[in-house]
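First the structure, in the form of structure tokens, and then the observations on it.
The values are calculated or read from the model by the stated rules, or taken from the named source; none is laboratory data. Since the structure is predicted, the reported quantities are computational estimates derived from the model, not experimental observations. Using ideal geometry, Cβ is built from the backbone for each residue, glycine included, and neighbour counts are taken over all protein chains shown. When the accessible area is computed, the model is the full protein with side chains, heavy atoms only, and any ligands, DNA or RNA have been set aside. Shrake-Rupley method; radii C 1.70, N 1.55, O 1.52, S 1.80 Å.
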Amino acid sequence: MRTDTELDNLLDWVEGMRKRVREIAQEWESEEGNLIMILHAIENELGYVPRGVANELSQELGVPMARIYEVITFYHYFRLAPRSKHTVKVCMGTACYLKGANALLEEIEQQLELREATGAQKGECSVESVRCIGCCGMAPAIVLDDETHGRVCLKAMKEILKQQLEK
Amino acid sequence: MIAQETMVTAKINGITVRVPEGTSILAAAYQSGIRIPTLCKHPDLMPTAACGLCIVKVAGEGKMPRACATDLRDGMDIITHDSELTRVRRTILELILSTHPSDCLTCGRNGNCELQTLMGEFGCRDDRLEKHIRDIPPDRSSHSIVIDFAKCINCARCVQTCQEVQNVWALSMLNRSIDTRMAPAGDIALADSPCIKCGQCAAHCPTGAIVENDQITDVWEALGNPDNYCTVQVAPSVRVALGEEFGYPPGTNLTRKIYAVLRRLGFKAVFDTNFSADLTIMEEASEFVERFAHGKGALPLITSCCPAWTDYMEKKHQDLIDNFSTAKSPQQMLGVVAKTYYSEKMGIDPAKHVQVSIMPCTAKKYELERTNEMFASGYQDVDITLTTRELARMIKQSGLLFSEMPEEEADSVLGEYTGAGTIFGTTGGVMEAALRTGYYFVTGENLPEDAIEITPVRGMEGVREAEIDVKGTAIRVAIAHGMANVDKVLEKVRDARESGQEPPYHFIEVMACRGGCIGGGGQPYGVNPNILRLRMEGLYQDDRDSALRCSHENPSIQKIYEDFLGEPLGEKSEQLLHTRYQARKQYLR
Amino acid sequence: MSTTPLTASALAAHWDGSADPHPDIRVCMDTGGIAAGARDVYQAMLDTRDESDVKIDIQRTGSLGLSYADPVVISRDTAGQTIIFGAMNVDAARLLIEDHVRNGNLLEDHVIASHERGADFGDKPQTAILVKDTSAKADKDRTAHVQKLIREELTFHELHERIKVYRALDLGLYEKGLCLQFLPSRITYAGLSEEDIPRIIEESARSSQVLKDLLVTGRDLQERIVLRNSGHIDPEELDSYLRTGGYRGLHRALLEMSPEDVIQEMKTSGLRGRGGAGFPTWQKWQLTREPEADRRFVICNGDEGDPGAFMDRSILEGDPHAVLEGLMISAYAIGADTGFFYIRAEYPLAVERIQRAIDQARAAGLLGKNILGSNFSFDAKVRLGAGAFVCGEETALIASIEGKRGSPEPRPPYPSVKGLWDKPTSINNVETLAAVAAIMDRGGAWYGEFGSGKSRGTKVFAVTGKVRNPQLVEVPMGIPIRAVIEEICGGADSGARIKAVQTGGPSGGVIPRDKMNTPITYESLQELGSIMGSGGLLVMDESDSMVNVAKFYLGFCVDESCGKCAPCRIGGFQLLRLLEKIDDGKGKSEDLDTIRDICHCMRTASLCGLGQTAPNPVLSTLNYFKDEYLACLTADAGGKK
Ligand SMILES: Cc1cc2nc3c(=O)[nH]c(=O)nc-3n(C[C@H](O)[C@H](O)[C@H](O)COP(=O)(O)O)c2cc1C
Ligand code: SF4
Ligand code: SF4
Ligand code: SF4
Ligand code: SF4
Ligand code: SF4
Ligand code: SF4
Ligand code: SF4
Ligand code: FES
Ligand code: FES
Ligand code: FES
């Protein structure tokens, strides 16, 4: 059971969110075909598109939920569930692949398992493989919480990961 | 003035063809006697270009265009069939099969499935690809239709139908690549979605991925129970479509054979929904006269006999609830008088009276329990609805040879109908029937013989507007069919209301399905504009063949008011024949 | 930055004064550079400068293309001499301020020799010698030893105070043994032995004589038209672009030419789309101009999704105004009033810089109503992709801008007739538009001089993979693939043997080593079963398995398939399964037939380019390296597994 204050806070949060969705929608209202830009704005703010927000957006924009879900599930950038605290994106583009990105990915997964085994919070960090982040010249490349690292070897990978997760 | 059509001349398999500009290669080939295989293109819909089966070769072009989505251009030299094309088409079918369960024997489409037919034709004999089948359980949340996701081939016909033709947006395509799948909007149960149960998705699906909720077994069981007194009603549009399942040309009127076959199936009494259509008109026309002539109630009056439409309105146009006719649909009116008046008269215990309806429609399955008013008899007024397609299957199961059925009459008093009742089954029909009787109510006389057919309200245009002269008073009417078309009409009503102007129309007829019930979601598969036209013609012919063509002239109707109901909009009529509407949420989740 | 609208003459005034040599330091701050640490380097230089008495401008700039050397810093002294430093780090950054700027010294192991090479010593005294062992198996100790030898010789001739010797990071020469370059003359000697050193110091260093037998002349094969400004100007400042002659092409188009003239100029240039298909640009503009319409749109396709390609990103990040200028010229030629930049969301810096360029141009009156006093009005907006490769396809891109799933539509109707919001729309690639600006400035005839056959002008390639110096190159079309790989980028990495190169990314094919002399043109690559594509050039060596490479590219297309049409959605998926099966050693010989059937089906019956070309990597590896496939089959199918 939630206490009344907790409930009030939650409702405030919901109301605040609703307002923000309306603001974002209005900001783009004069622009035709703004759905993707709006979803980007929501992603930036919340890290995902909660169902309630999609609903609010649907009403605000007059765009059917069906369309919003079609779009969210089509584009890799949008998601329906919250992100974990940290994300590592391992580039699996051609250049990185040829230069051993596979091994990096395995290493990271191993490291994270190890961390969880030794008490770190489950799911603190999610791993995604992405296709080319535009640093092919510096393959293999990874992005850890918006910070790009190029020419990463296994050893450096371990170090970077440790430092960032410890932060 | 008709604009001069520009013609294009081209060659298909060496034969010169001349067709109007804008004709697809597919259509042009068909006209010259060549069928190009298709799976995603439905004659009723814009091409989705999803399957690739219809590719053809064009001399001098490297790429092979899709015949369904490419217009024939002047001078094209096209090959539609050769060994290479056949090989490519067979590979496509093999690919589709690799993601499709081979469950034909237990499938709702066994025997009339487009995929199955093509597989048969192309003779894909070896299963050289490993299967990859969607592991999502079927959605049985809706009373009207069942979605079997595993069988979906992603042709997107249903999505296009639901979004563009119906503007409901209950279905969508989610995800991408091999994970692309059709799902109810927002990936929830269909029953929680904005679905209005029209069944148009099922009618357009080439496979067994969306089918009506099959209730034949329930009917067999009801018939088999000796305690039951089973009666049945058959809707206007069923009579001109059922024959297609038994080899009759579309539009053949088989009313009397249907009565006979229903009796042989075991129904104790056979009623005709056309009778209650006449009853609906009595109530609805009276309502109209009240509102139009006596200023009691909102104008325009909007018809409400299509449950998919009422659902749509309750979800999307709630501000117009007051404009709705409160008269129940013919199905429900028949149900309630069968279980009250008829039961009483025949001394049947209404608790044992099972009323089955044969409808062109999947939404009617939902209407049975729509609100409390559907139980006005004290029992569920109509118990089970079968669609035309289900009836056809049931007849086949029964072993009855439909073509050998004699011609019989329906049971009195709920079986007699006029030409006005029968045209309910087509777009514009309710309006025409209501105007015939409304004219009589206002002027006290029938429309003259040569004006009884109100042609301005007829046709297949998505929205039709007309002005009908009632002895000097103009009645402005609009007719919309295909759910997406209604929004335009309602927008005009709303605009006028907001700017304080007189409503643009006095009376609006809306049918969710294209063509009205003749194009219903439960009708035999494979409709195209031509089949719709033939079914429509069948109903208009039935009207022309009727001795009586106005609902108020129906002697059985006069009798039921005399014996039982009193008068239109009277106390008993209100109690049994009318309903209420309420605002509903589009999403229950 | 200008805040009042620029008039035509005020714009022209900016183009002078561009020659003004003004000492500064520029840090290549594109995504690649930043990933390598360019931000820290930049900050360290700012801090060091501010803590010291050194006065020098420190700026950001775009990429020079030297990915292998990131982070890269460019220094220009009062004499206008430019020195490039690579592989920078924070310590080197401090040193660069304190020792290079203050004392004029270069940085050991960081300096990159000029790729242009002098023919005579001129009248200035030489100040530095850069040395490097350019053989694949270069030995650091040997270079240090040679460096010591040179120093000893210089000391012997008492030149050591004046001429310093540095180990170079890169000399732009490969497999030429020991090489050195004099600065500032850029006299370069190659193929040296230790015995040559006394002679070089005595005759060249002391007496300024050119040793013809050792001399390397000319420059590398690159021709920088599209990349002309990248690494030279500050991409975040309009003035910086204007000083190089920016918007002169637009000026010319608006004030001197009719839209038809502009289209004619494009025709003269022979420019074809750099986005992959190579459709003549003038023709696309013409087709978009023709249909009756109340509005038209232009779109810059910055979706660059090919894994392994970063040309468009570098251009957007390094010279955003040039792309904007190109888009405006296309809009003028077509009669469009609004343009969109559709840019991958994975390129935040490119988005930021394009947005800034638009804002600056708008503030300067280069966007808006009656631009430069003409009756041409135009505005541009940025739209982000959201992680879908297929959105690079024109009809999918349009759907995406309209706020829908990026699913392609059948063509015809082409976007030039029915595009964005059903209006005629012209879509051009970033590189195409950057070339447009240059063509309008310098003329179609000038541009048409470069190239070969029907492939005119230059093409940018991102050379990556198992190559010694992965980098961005811009070369005139028609030169052999081998020249790009070997002469510019140094051939295979760590001396391994190149097996094949792959062009065109997932839509392209492999070109085996013995076909590497093929000239780079749209037609010749197609003949080999590959395509020009957008410009990814991936080098593979003997250790790379071709089955694996095919699997990789196909895997990309399978993930990125929009899922709309059956041949691509299921065909790609099943093809990948078959390749995996073969790669696992479980393949049967019938599987190869099935693979060919599916490939054929995808090529002919897929709706859009993605599915139509997805089998290319499979077919081309199967064509050139069938043995590798056969070897993978099970033993009873005649394979080895
Ligand atoms: C699947 C697919 C992806 C594409 N991706 C890109 C892209 O990222 N950038 C690009 O400029 N063109 C891309 N293209 C090509 C474009 O559709 C289009 O031909 C091009 O932008 C036209 O510009 P151009 O004439 O200047 O080359 C792609 C095509 C396909 C079929
Ligand atoms: S959908 Fe068609 S092919 Fe599939 S199982 Fe049913 S009948 Fe067979
Ligand atoms: S078609 Fe073949 S599989 Fe199907 S029931 Fe007949 S014999 Fe059996
Ligand atoms: S029944 Fe009608 S509303 Fe419901 S999903 Fe099907 S087409 Fe859409
Ligand atoms: S459910 Fe039927 S109509 Fe809808 S996409 Fe699937 S196969 Fe096509
Ligand atoms: S138009 Fe007829 S068939 Fe269609 S939903 Fe309405 S009542 Fe049912
Ligand atoms: S990739 Fe090139 S331009 Fe970009 S930072 Fe590196 S060297 Fe500079
Ligand atoms: S070929 Fe692939 S990407 Fe293109 S439309 Fe078909 S499924 Fe989508
Ligand atoms: S392939 Fe990894 S950054 Fe491009
Ligand atoms: S990243 Fe530099 S050594 Fe590993
Ligand atoms: S019928 Fe034409 S693509 Fe499916």
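Among the residues examined, B:Ser24 qualifies as touching a residue at least 12 places away in the same chain (Cβ under 8 Å), hydroxyl-bearing (Ser, Thr, Tyr) and under 29 Å from C:Ser407 (Cβ atoms). The condition of being open to solvent by less than 50 Å² (accessible area, probe 1.4 Å) and over 37 Å from the mean Cα position of the chain (by Cα) holds for only one of C:Asp636, C:Asp591, C:Asp597, that being C:Asp591. Criterion applied to B:Arg109, B:Arg176, B:Arg181 was being within 16 Å of ligand 1 (Cβ to nearest atom) and not assigned by TED's automatic domain parsing to the domain that holds B:Pro524, and the one residue passing it is B:Arg176. The numbered conditions (1) open to solvent by 10 Å² or more (accessible area, probe 1.4 Å); (2) in contact (Cβ under 8 Å) with a residue 40 or more places away in the chain are all true for B:Lys57 except (2).
A:Lys85 meets each of the listed conditions (1) within 14 Å of chain C (Cβ to nearest Cβ); (2) touching a strand residue (DSSP E or B) at 6+ places or on another chain (Cβ under 9 Å); (3) open to solvent by 40 Å² or more (accessible area, probe 1.4 Å) apart from (1). Test B:Gly419 against the criterion of being open to solvent by less than 10 Å² (accessible area, probe 1.4 Å), touching a Ser or Thr at 6+ places or on another chain (Cβ under 8 Å), under 30 Å from B:Asn112 (Cα atoms) and assigned by TED's automatic domain parsing to the domain that holds B:Lys492, and give yes or no. Considered against the rule, which asks whether it is open to solvent by less than 10 Å² (accessible area, probe 1.4 Å), touching a Ser or Thr at 6+ places or on another chain (Cβ under 8 Å), under 30 Å from B:Asn112 (Cα atoms) and assigned by TED's automatic domain parsing to the domain that holds B:Lys492, B:Gly419 comes out as no.
From the list B:Leu105, B:Leu129, B:Leu118, the lone residue that is open to solvent by 40 Å² or more (accessible area, probe 1.4 Å) and away from ligand 8 (no atom under 16 Å from the Cβ) is B:Leu105. The numbered conditions (1) free of Cβ contacts under 8 Å to residues at least 60 places away in the same chain; (2) within 17 Å of the chain's Cα centre (by Cα); (3) surrounded by fewer than 22 Cβ atoms within 10 Å (Cβ to Cβ) are all true for C:Glu449 except (2).
A single member of B:Ile395, B:Ile348 is closer than 22 Å to B:Arg535 by Cβ and of a type in the set (A, V, I, L, M), and it is B:Ile395. Residue-level check: of (1) away from chain A (no Cβ under 14 Å); (2) modelled with pLDDT under 95; (3) over 30 Å from B:Thr388 (Cβ atoms), B:Lys585 misses just (1). In region A:122-167, the residue that is farthest from the other protein chains (Cβ to nearest Cβ) out of those that are of a type in the set (S, T, N, Q) and closer than 26 Å to C:Met311 by Cβ is A:Ser129. Of everything in region C:396-438 that is of a type in the set (Ser, Thr, Tyr) and within 20 Å of A:Val63 (Cα to Cα), the residue that is farthest from the other protein chains (Cβ to nearest Cβ) is C:Ser407. Taken together, the residues in region B:16-36 that are within 12 Å of another protein chain (Cβ to nearest Cβ) and part of a loop (DSSP other than H, G, I, E, B) amount to 1. Being open to solvent by 20 Å² or more (accessible area, probe 1.4 Å) and modelled with pLDDT under 95 holds for only one residue in C:Asn469, C:Asn548, and it is C:Asn548. C:Gly587 meets all of the listed conditions (1) in a helix (DSSP H, G or I); (2) within 14 Å of chain B (Cβ to nearest Cβ) but one, namely (1). Filtered by the rule that a residue be away from ligand 8 (no atom under 16 Å from the Cβ) and open to solvent by 10 Å² or more (accessible area, probe 1.4 Å), region C:551-581 gives C:Lys551, C:Phe552, C:Arg577, C:Leu578, C:Glu580, C:Lys581.
Scanning region C:27-41 for residues that are open to solvent by 10 Å² or more (accessible area, probe 1.4 Å) and touching a residue at least 24 places away in the same chain (Cβ under 8 Å) yields C:Met29, C:Thr31, C:Ile34, C:Ala35, C:Ala36, C:Gly37, C:Asp40. Of the residues in region B:157-175, at least one is in contact with a Lys or Arg (Cβ under 7 Å, 6 or more places away or on another chain), away from chain C (no Cβ under 14 Å), farther than 13 Å from B:Ile210 by Cα and away from ligand 11 (no atom under 16 Å from the Cβ). The condition of being open to solvent by less than 20 Å² (accessible area, probe 1.4 Å) and more than 22 Å from the chain's Cα centre (by Cα) holds for only one of C:Ile197, C:Ile225, C:Ile233, that being C:Ile197. When region B:66-94 is limited to residues that are among the hydrophobic types (A, V, I, L, M, F, W, C) and closer than 20 Å to B:Pro20 by Cβ, the one that is farthest from the other protein chains (Cβ to nearest Cβ) turns out to be B:Ile78.
Only one entry of B:Gly526, B:Gly566 meets the criterion of being open to solvent by 20 Å² or more (accessible area, probe 1.4 Å), at pLDDT below 95, out of contact with any Phe, Trp or Tyr (no Cβ under 6 Å at 6 or more places or on another chain) and not polar (S, T, N, Q), and that entry is B:Gly526.
Filtered by the rule that a residue be touching a helix residue (DSSP H, G or I) at 6+ places or on another chain (Cβ under 6 Å), open to solvent by 40 Å² or more (accessible area, probe 1.4 Å) and within 22 Å of B:Ser546 (Cα to Cα), region B:441-477 gives B:Phe441, B:Asn446.
Which one of B:Lys41, B:Lys63 is within 11 Å of another protein chain (Cβ to nearest Cβ) and either away from ligand 6 (no atom under 16 Å from the Cβ) or not in a strand (DSSP E or B) (or both)? The match here is B:Lys63.
Taking B:Asn485 as the residue in question, decide whether it is touching a strand residue (DSSP E or B) at 6+ places or on another chain (Cβ under 7 Å) and not in a loop (DSSP other than H, G, I, E, B). Judged against the criteria, B:Asn485 is a match. Of all residue pairs spaced 6 or more apart or on separate chains, those with beta-carbon atoms under 8 Å, a first member in region B:537-548 that is over 14 Å from B:Ala241 (Cα atoms) and a second member that is among the aromatic types (Phe, Trp, Tyr) and buried (at least 19 other Cβ atoms within 10 Å of the Cβ) are B:Ser546/B:Tyr417. Screening region B:559-582 for residues that are without any contact (Cβ under 8 Å) to a residue 24 or more places away in the chain and assigned to a loop (DSSP other than H, G, I, E, B) and picking the one that is nearest to the other protein chains (Cβ to nearest Cβ) gives B:Gly570.
Within region C:206-220, restricting attention to residues that are in contact with a helix residue (DSSP H, G or I) (Cβ under 9 Å, 6 or more places away or on another chain) and open to solvent by less than 50 Å² (accessible area, probe 1.4 Å), the residue that is farthest from C:Ile150 (Cα to Cα) is C:Asp220. Taking the criterion of being touching a residue at least 24 places away in the same chain (Cβ under 8 Å) and away from ligand 5 (no atom under 15 Å from the Cβ), the residues of region B:92-113 that qualify are B:Glu94, B:Ser98, B:Asn110.
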